[in-house]
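One structure is given below, encoded as structure tokens.
The values are calculated or read from the model by the stated rules, or taken from the named source; none is laboratory data. Predicted model, so just to flag it, every value in this text is computed and none were measured. So basically every Cβ, Gly included, is an ideal-geometry build from the backbone, and we count neighbours across all protein chains shown.
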Amino acid sequence: MKKKFLATTIALVIVAFLGLTNVAFAVVPPTCDTSGDILGVGCASTSGLKNTDIRVMIASIISIALTLIGTVVVVIIIWAGFKWMTAGGNADQVTEAKTQIGQAVIGLAIILMAYSITQSVTTSLLKATS
């Protein structure tokens, strides 16, 4: 009985995967003009990709990553403040919360400096190469 159940299950999985897959046909992409286009951005639209410069995409990824890290640091500051407020006079917990807040503020300052440096460098690079 187990063998029959196993064979049926495997057959159903194979049929499901075969039914859900799409058949891919090779398509010859149209030719694109790359004259004067150093990075090949002009060919992106013919291949179905976005027409965005790679430098802009990298700057966006760095900005998003720094924003997420900054959000985490703000949550840490809020958590440490909550810990401080609920310490109930326990000097050890208050000291620990103060230390966490101090470290989080230093981390937030570093993140803000990294964000501003990234923005100024990418702006300068885009102006210089455009």
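Results, tabulated for the structure shown:
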{"quantity": "In the range 66-89, residue nearest to residue 118 (Cα to Cα) [restricted to those that are small (Gly, Ala, Ser) and surrounded by 14 or more Cβ atoms within 10 Å (Cβ to Cβ)]", "calculated": "70"}
{"quantity": "Filter result for residue 128 (exposed (fewer than 12 other Cβ atoms within 10 Å of the Cβ) and either within 17 Å of the chain's Cα centre (by Cα) or free of Cβ contacts under 8 Å to residues at least 12 places away in the same chain (or both))", "calculated": "yes"}
{"quantity": "Failed criterion for residue 92 (all others in (1) at pLDDT 90 or above; (2) surrounded by 10 or more Cβ atoms within 10 Å (Cβ to Cβ) hold)", "calculated": "(2)"}
{"quantity": "Selection within the range 72-130 - polar (S, T, N, Q), farther than 30 Å from residue 52 by Cα and assigned to a helix (DSSP H, G or I)", "calculated": "93, 95, 99, 100, 103"}
